[in-house]
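Working notes, beginning with the structure itself.
The values are calculated or read from the model by the stated rules, or taken from the named source; none is laboratory data. Keep in mind it's a predicted model, so treat the numbers as computed, not measured. Don't worry about glycine lacking a Cβ; one is built from the backbone with ideal geometry, like all the others, and counts go over all protein chains shown.
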Amino acid sequence: MRFGGLAAVNDFSITLHPGELVGLIGPNGAGKTTVFNMITGAILATAGRIIWQGENITHLPLHAITARGIARTFQNIRLFSDLTALDNVMVSFHHKLRAHLWDAMLGLPAYRREEHRMREESLEILQEIGLAHLALEKAGALPYGRQRRLEIARALATRPKLLLLDEPAAGMNPQETMELVELLRDLRDKYSLTILLIEHDMKFVMRLCERIKVLDYGNSIAEGTPREIQSNPDVIKAYLGSQRHA
């Protein structure tokens, strides 16, 4: 991915296997979020290919990629702060509505049935994520850690097969972080998810991820298990042992 003369992502390649928990780490400015933006169609790669389940999705728009089972959260929370937690999740179901616009405008039975189904499924997701008791609270009034969880719930409502999490533990206290580790493992198993995440909390990454990819200045510099990454001299130099703020 090039922005004018700047190569934000250059020599990068990764293969994800079903059911994996994979971490993507690297210093600030390494190109991690740009990778997520390319995978999800938020920006279009200027070179290379993105293959999803045998299909070239490199230049598909965001909504088409979401429909194929790829969802994400964002580094900066993007909830509808004036809507309830329940409504935030329900919004993500609307792209799957089978009822027509006129059904909704006239309040016809077909739409009411769909709306009831969306509500029930949204409540189930909130229950799974540990937020069912806050379903009717406004999203903007929730503590920061619970807003992070709500973003994950909203992504789950699109029924993804691949879930991309951009700094899911940011702003969480140590207790919330450890609870998130267990939650993501449970969600992976319950929903048969593949999870790729960006995170700067190295304890969180090492505890959760089964495989880690390291990106530096847009280039892949290492890949391996948490133990292998911790002892890799290139990673220690570029990231773990660096004086740069991560």
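For the stretch 210-217, does any single residue satisfy the condition of being β-branched (Val, Ile, Thr), part of a strand (DSSP E or B) and either at pLDDT 95 or above or touching a helix residue (DSSP H, G or I) at 6+ places or on another chain (Cβ under 9 Å) (or both)? Within the stretch 210-217, one or more residues are β-branched (Val, Ile, Thr), part of a strand (DSSP E or B) and either at pLDDT 95 or above or touching a helix residue (DSSP H, G or I) at 6+ places or on another chain (Cβ under 9 Å) (or both). Restricting the stretch 76-86 to residues that are over 24 Å from GLU199 (Cα atoms) and either without any contact (Cβ under 8 Å) to a residue 12 or more places away in the chain or touching a Leu at 6+ places or on another chain (Cβ under 6 Å) (or both) leaves a set whose member that is surrounded by the most Cβ atoms within 10 Å (Cβ to Cβ) is ALA85. For the stretch 1-27, enumerate the residues that are assigned to a strand (DSSP E or B) and either surrounded by 21 or more Cβ atoms within 10 Å (Cβ to Cβ) or not β-branched (Val, Ile, Thr) (or both). Once the filter is applied, which keeps residues that are assigned to a strand (DSSP E or B) and either surrounded by 21 or more Cβ atoms within 10 Å (Cβ to Cβ) or not β-branched (Val, Ile, Thr) (or both), the stretch 1-27 yields ARG2, PHE3, LEU6, ALA7, LEU21, GLY23, LEU24, ILE25.
Taking residues in the stretch 47-69 that are within 13 Å of THR15 (Cβ to Cβ), and partners anywhere that are among the polar types (S, T, N, Q) and assigned to a loop (DSSP other than H, G, I, E, B), the pairs with Cβ atoms closer than 7 Å and at least 6 places apart or on different chains are ARG49/THR58; ILE50/THR58. Scanning the stretch 137-196 for residues that are basic (Lys, Arg), outside any loop (DSSP other than H, G, I, E, B) and under 21 Å from ILE65 (Cβ atoms) gives ARG154, ARG188.
Taken across the stretch 211-227, residues that are without any contact (Cβ under 8 Å) to a residue 12 or more places away in the chain and hydroxyl-bearing (Ser, Thr, Tyr) do not occur at all.
Of all residue pairs spaced 6 or more apart or on separate chains, those with beta-carbon atoms under 6 Å, a first member in the stretch 139-168 that is farther than 19 Å from THR40 by Cα and a second member that is surrounded by fewer than 23 Cβ atoms within 10 Å (Cβ to Cβ) and of a type in the set (D, E, K, R) are GLY145/GLU176.
Out of ALA30, ALA47, which single residue is on the phi < 0 side of the Ramachandran plot, assigned to a loop (DSSP other than H, G, I, E, B), at pLDDT below 95 and in contact with an Asp or Glu (Cβ under 8 Å, 6 or more places away or on another chain)? None of the other options fit; the residue is ALA30.
Yes or no, residue by residue, for (1) surrounded by fewer than 17 Cβ atoms within 10 Å (Cβ to Cβ); (2) at pLDDT 95 or above; (3) not β-branched (Val, Ile, Thr):
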residue: HIS116; (1), (2), (3): yes, no, yes
residue: ILE125; (1), (2), (3): no, yes, no
residue: LEU131; (1), (2), (3): no, yes, yes
residue: LEU136; (1), (2), (3): yes, yes, yes
residue: PRO143; (1), (2), (3): yes, no, yes
residue: LEU150; (1), (2), (3): no, yes, yes
residue: LEU165; (1), (2), (3): no, yes, yes
residue: ARG185; (1), (2), (3): yes, yes, yes
